[in-house]
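What follows is a set of notes on a single structure, which appears directly below.
All of the numbers you see were taken from the coordinates with simple rules; none came from a lab. Please read these numbers as outputs of a predicted model, since none were measured by experiment. Virtual Cβ from ideal backbone geometry, glycine too; neighbours counted across all protein chains shown.
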Amino acid sequence: MTKAKKIILLISVILIIIGTILYAVMGFNYNLAYGTAKRIIVPMKDDFVLEDYKSIAKEIYGENIVEAISIFREGVSIKVKDTTDEQLDTLISKVNEKYGYEYKREDLEVTELSKVEVFSILKQVFIPFITTLLVVFVYMMIRYRKLNLLNVVLNLLVPVILAQLVTLAIYLICRIPVTNMLLPVLLTVYVISMIYSAKQIEDRTN
Amino acid sequence: MIQNYYNLKYSKEEIKLKSTKKLKAITLILVIILITILSFLGVYNVASVHGDNLVKDYNVGMELKNKKLVRLKVDDTVNEVFYDAEGKKQEKQNDEGTYTSVQELVNPQEVLNKENYKKALSIVEKRLNSMEAEEYKLRFNEENGAIELELMDNDLTNYILESIRVPGDFKIVDADTKEVLMDASSVKKAGVLYSSANSASTTVYLDIEFNKEGSKRLEELSKTYIKTTENVVNEEGKSEDKTVEKKITVQIDDTSIISTSFGEPLTSGHLYISVGQGTTNNEELRNYALQASIYAAIIENGTVPVVYTIEQNKVIVSNMNKDIIPIVSIVVLVIEAIVLIVVFRVKGIIASILQIGYVSLLLLILKYTNVYISIEGLFAIVLVGLLNMAFIYRIMYLIKKGENVLKSVNENIVKFINVSVPVLIVAIIFCFAKLLEINSFGMVIFWGYVVSLLYNIVFTKIILKNVLDK
């Protein structure tokens, strides 16, 4: 193992340890997309401009996710971290003012949202990851039979598994919010680490 | 004279060769431009009122289209239940006899606990998987048991919801006495089967496979619940043969699926129940198959211990749409083109054209191979684009160093194939995943590699050979 590889391995292990501690202490950082939130549904009678709602929601709540309900634009879903009665009243008065409605508090539907657990995302990729890793491992053992088992394990399994753990550790250490980007990031890292491993083993053979 | 003649002939051949090379390269570059136009701009039917694009559109996942938002709430309804004098529950009060009316919660207090909520979530998830829900996200509140489900909105969504909406208490009961003969604990698995007794029509069957004990019990029932002929004395005092049929009822949550007797003892441990009638109509067949799938998903995954009600059922239009695919591709292509032109100057322009052609062809193929593109698929498009760029970059680098064009391309293709096999294995296995996120990623990687290999053999090799080879 080269000195550079040893340093990378050491840094990876440190990152994973810090990540594990942070997970135990603080857990992952969730933002509005996947974290606990409140969804406010405002029914609409006429067509509307989504941007108007985005600016109203931004003014009242700051961070928000505004989406249209149904393709016939029957209403608006505003996802916010939390809402108070005062904020709801302000929202109603701004909507009434903008669209000339006479909405009251009971016209709005407010529901509590729980978070999407990171493990429910990881669970989805666990079986495909393990299956592919095993099949590729068997392929590597046959293709590079001149190399010993330990060599293939060190050059294939270790980098691929480490890359996944380091990605999760970076999410935890940098407090990157868990969103719908987590799974694509993990999949991309998986393929890149697989290409890296394959190239390393190929170069070693040559 | 002779020497001049040969010199002249040689230069003519050389000119001819050069012009052929130019023509080949120009033709291929024109093909690339055509592919790029088809892929990014499309071809519009001017005769159509809406000016429809004749090029197929992308199939996209729920994050780039619409998603169904369903909120399942623990049912807190109080029902009025009637009991007769013997303490038996009656469906409704009638004038005969004495009845006691009791206010009963749909979910008694003792079932409302975290353990049951978690079990309910697990069963809902299993049913979603059994129904092959392609893309979904679950939010779960373990304090009140509420489950919020986001799933892809398509023609199967309502069938999927049908399978998770009910508790799914599966029972086989005596049709007359309502005595429970078997329940979900005897079931091993359930599925859907098709049978074409004659070539004209197909019948859909719900196939319930029982475990060892269940199979024994089913065999016993199949010997007991049969049609028999008894000799009875009629009203006129004459003796006659009467057929007596002892029936079982297969039911889910008090809803009967079938009431029947057995024609012969069942020893296989399978109970086949026909769903609908034999049909030749594809639409009918599909509906029967979906109905059977709902039954199978409910039966094989057990009973939800808590009764849920649908509190919210709305379609949310995603803020991102399919336009993000060409937008992201163009942004990445611009960055790649800048890098290639900065590093390789004029030759970098040719490399950029090749890279644009590759991405355009890949996007066009993804449209026509019906690959569903989710956010994961979008990442995969960027990834295979970058890998192809790395391939072209390496060739250009070798050419810059003075290597032979053909040799550089061929050597790199061989290297590319050697390193690609593990990723292709991953991509192919991912292609078989039920979840759209994984499937989309795998499909794009697979097509990305296939297109890259063919494209570089046909386009990159020929264009570079004809433009850069001296």
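Per-residue Cβ neighbour counts within 10 Å put B:Cys431, A:Cys174 in the sequence A:Cys174, B:Cys431, beginning with the fewest. Stokes-Einstein, applied to the Kirkwood radius of chain B over Cα pairs at a viscosity of 1.306 mPa s and 10 °C, places its translational diffusion at 56 µm² s⁻¹. Between A:Lys81 and B:Thr100, the simple spin-label model (points 7 angstrom out along Cα→Cβ) gives 5.5 nm. Could you compute how fast chain A diffuses translationally, taking Rh as the Kirkwood radius over C-alpha pairs and applying Stokes-Einstein at 4 °C with viscosity 1.567 mPa s? Give it in µm² per second. For these conditions, the coefficient is 63 µm²/s. Taking other residues whose beta carbon is less than 9 angstrom from the beta carbon of B:Val244, and scoring Lys, Arg as +1 and Asp, Glu as -1, yields +1. Taking one quarter of the surface of the C-alpha convex hull of the range B:104-233 gives a mean projected area of 14.2 nm². The gain in end-to-end length when the B:Arg394 to B:Glu115 segment is fully stretched comes to 94.7 nm, 0.36 nm per residue minus the alpha carbon separation. Residue order for B:Glu437, B:Glu150, A:Glu97, fewest other beta carbons within 10 angstrom first, comes to A:Glu97, B:Glu150, B:Glu437. Counting only residues at least eight positions apart within a chain, or on another chain, the aspartates and glutamates with an alpha carbon under 18 Å from that of A:Lys45 are A:Glu67, A:Glu74, A:Glu97, A:Glu102, A:Glu106, A:Asp107, A:Glu109. The ranking of A:Val95, A:Val136 by Cβ neighbour count inside 10 Å, starting from the fewest, reads A:Val95, A:Val136. A Förster radius of 30 Å, combined with the Cβ-Cβ distance separating A:Glu102 from A:Asn31, puts the computed FRET efficiency at roughly 0.30.
Per residue, the average separation of C-alpha pairs within less than 8 Å and at least 6 apart gives the range A:37-113 a relative contact order of 43 percent.
Averaging the Cα positions of each part gives two centres, and for the range B:98-130 and the range B:327-378 these lie 52 Å apart.
Of the complete DSSP H runs in chain A, those spanning 20 angstrom or more by Cα along the long axis with a mean Kyte-Doolittle score not below -0.5 are A:3-25, A:118-143, A:158-173, A:182-205. Calculate the FRET efficiency for B:Lys21 and B:Ser48 from the Cβ-Cβ distance with a Förster distance of 35 Å, rounded to the nearest 0.05. Between B:Lys21 and B:Ser48 the formula returns 0.25.
In this structure, the amide hydrogen of B:Val60, modeled 1.01 Å from its nitrogen in the peptide plane, lies closer than 5 angstrom to those of B:Ile373, counting only residues at least 5 positions away or on a different chain.
Computed from Cα atoms alone, the Kirkwood hydrodynamic radius reported for the protein assembly as shown is 30.5 Å. Estimated purely from DSSP H runs of n ≥ 4, each contributing -39500 (n - 2.57), the mean residue ellipticity at 222 nm for chain B is -16000 deg cm²/dmol once divided by its residues.
What percent does the relative contact order of the range B:169-289 come to when contacts are Cα pairs within less than 8 Å and at least six residues apart? It comes to 31 percent, rounded to a whole number. Label reach from B:Asp57 (point 7 Å along Cα→C-beta): in the range A:42-76, amide nitrogens under 19 Å belong to A:68-74.
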